[in-house]
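Worksheet: the structure to be examined is printed underneath.
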Amino acid sequence: MRGWRRSQDNDATMGAEHPRLITCTRDYRNELIAAECETLTGGRPNAWGIASGSADHVIDGAFVKQGVHLLAQADGLEQLVSHVAELGLHQDEFRIEWLHAGSPEDRRWEATIAIADQIKGRPNLNKPRHRFLLVAEAGGMAFGSVVVEASRSYRKHDRKPCHTPSSLPSRLARCLVNLVARDVKSIVDPCCGTGSILLEAAAIGLQARGGDWNPRMVAMSRQNVDTFGYEIQLGCADATDASDTADAVVTDLPYGRGSEISEKVLQQIIAQSRALAPLAVFVAGTDVSQWIINAGYHQVETYRLLKSRGFSRYIHRAWREGGAPAKLQQVRQEP
Ligand SMILES: C[S@@+](CC[C@H](N)C(=O)[O-])C[C@H]1O[C@@H](n2cnc3c(N)ncnc32)[C@H](O)[C@@H]1O
């Protein structure tokens, strides 16, 4: 098998108590998903959205979906069936889910039934109390127990009362916060608009502060924040001159059709953000990595998020200082 299995075999740092297989939303165009998975779990997903990593933070995932405790692996179905039989599993009301990951044959039903026959207990396909995962890759098969699912708590924020056409989808906002969440306790969004990023930060227990130069936006953020009962400091401020420091800046820069913000102001917002926090995530409508480097950040990674009809968002993660040499990482895309 490729990818996750090879890295798992080589990883002596993962204790046996940790579930080892992570699944993500599968979208080969989307480098952002890989970055979220790597940041949350320590494992980089292969083209099929499968990684080897820690499941401790899967619950907060946006595009990271499941943590799976691997129970058996084999080169083929017959061998896998015999390994699962040796486990002597007893589980009532279970369901086996299928993840096709490039196996040349689709033996879904044959494989699922053969494995289910090795488990003592009744299946329950509609409302299972326990879920197993069966993975069919080109080089073999694996079977595991789903031990954690992303809670998708970001979904409730899709019902926030105040929106504008520029409001970020809550799932994307959660993913942006996840790009820094493991390293920080607080974030600031100096261009907070309706507060989508702030809601996600608060939902996963980070301290959050927001500002916007438009009082109408601050009022909308306030209403959204109050609706969900979060404690978030908000204020009217110009991001080119913001002074609220935090462990990370996470912000969606003013850009796109209808935005009259000049490039000079965008560059000033980026430069000021560098003074606010050592780590930053910037969303923009174009690749602004050169501006980020020009603002004095030491390193930047850029992920392009393709959308329908060709529109892209560019997500940049930048470090003010660090051990690695300053470099611009080009936009990366899976083949
Ligand atoms: C792309 S929108 C942010 C949308 C936000 N993420 C949301 O989900 O609603 C950019 C925001 O930056 C604000 N903005 C533009 N220039 C600014 C400045 N100099 N200082 C602070 N806010 C600014 C705009 O008012 C707008 O609300």
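Cβ-Cβ under 9 Å, sequence separation 6+ or interchain: first residue in region 262-277 and at pLDDT below 95, partner assigned to a helix (DSSP H, G or I) and more than 10 Å from the ligand (Cβ to nearest atom). Which pairs?
Qualifying pairs under 9 Å: Glu263/Trp291.
Can Asp189 be described as out of contact with any helix residue (DSSP H, G or I) (no Cβ under 7 Å at 6 or more places or on another chain) and either in the same structural domain as Ala280 (by TED's automatic domain parsing) or within 17 Å of His316 (Cα to Cα) (or both)?
Criteria not met by Asp189.
What is the number of the single condition among (1) closer than 16 Å to Cys24 by Cβ; (2) buried (at least 16 other Cβ atoms within 10 Å of the Cβ) that Arg95 does not meet?
(1)
With a cut-off of at least 2 residues that are of a type in the set (S, T, N, Q), name the helices (runs of 4 or more DSSP H) lying wholly within region 21-116.
In region 21-116, the matching helices (runs of 4 or more DSSP H) lie at 31-41, 77-87.
If we scan region 220-234, do we find a residue that is closer than 30 Å to Trp109 by Cα, surrounded by 15 or more Cβ atoms within 10 Å (Cβ to Cβ) and touching a Pro at 6+ places or on another chain (Cβ under 7 Å)?
no
With the checklist (1) touching a helix residue (DSSP H, G or I) at 6+ places or on another chain (Cβ under 7 Å); (2) over 17 Å from Cys192 (Cα atoms); (3) of a type outside the set (S, T, N, Q); (4) modelled with pLDDT of 95 or more in hand, flag the one item Ala280 doesn't pass.
With respect to (1) touching a helix residue (DSSP H, G or I) at 6+ places or on another chain (Cβ under 7 Å); (2) over 17 Å from Cys192 (Cα atoms); (3) of a type outside the set (S, T, N, Q); (4) modelled with pLDDT of 95 or more, Ala280 is out only on (2).
Examine region 286-307 for a residue that is within 21 Å of Asn214 (Cβ to Cβ), assigned to a loop (DSSP other than H, G, I, E, B), within 14 Å of the ligand (Cβ to nearest atom) and not aromatic (Phe, Trp, Tyr), and state whether such a residue exists.
Checking region 286-307: not a single residue is within 21 Å of Asn214 (Cβ to Cβ), assigned to a loop (DSSP other than H, G, I, E, B), within 14 Å of the ligand (Cβ to nearest atom) and not aromatic (Phe, Trp, Tyr).
Kindly check whether there is at least one residue in region 264-272 that is part of a strand (DSSP E or B) and either in the same structural domain as Pro165 (by TED's automatic domain parsing) or not charged (D, E, K, R) (or both).
So far as region 264-272 goes, no, none of its residues is part of a strand (DSSP E or B) and either in the same structural domain as Pro165 (by TED's automatic domain parsing) or not charged (D, E, K, R) (or both).
Just checking, does region 146-163 include any residue being among the hydroxyl-bearing types (Ser, Thr, Tyr) and at pLDDT below 95?
The answer is no; no qualifying residue exists.
Conditions (1) under 20 Å from Lys65 (Cβ atoms); (2) within 12 Å of the ligand (Cβ to nearest atom), marked per residue:
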position: Val147; (1), (2): yes, no
position: Lys156; (1), (2): yes, no
position: Lys160; (1), (2): no, yes
position: Pro169; (1), (2): yes, yes
position: Val177; (1), (2): yes, yes
position: Ala181; (1), (2): yes, no
position: Ser186; (1), (2): no, no
position: Thr194; (1), (2): no, yes
position: Leu199; (1), (2): no, yes
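Could you check how many residues of region 203-218 are over 14 Å from Ser167 (Cα atoms) and either more than 9 Å from the ligand (Cβ to nearest atom) or crowded, with 20+ Cβ neighbours inside 10 Å (or both)?
Residues flagged as over 14 Å from Ser167 (Cα atoms) and either more than 9 Å from the ligand (Cβ to nearest atom) or crowded, with 20+ Cβ neighbours inside 10 Å (or both) within region 203-218 amount to 10.
What do you reckon, is Gln223 closer than 17 Å to Cys162 by Cα and more than 10 Å from the ligand (Cβ to nearest atom)?
When the stated conditions are applied, Gln223 passes them.
The values are calculated or read from the model by the stated rules, or taken from the named source; none is laboratory data. What you are looking at is a predicted structure, and each value in this text was computed from that prediction instead of being measured. Note: ideal-geometry Cβ built from the backbone for every residue, glycine included; neighbour counts use all protein chains shown.
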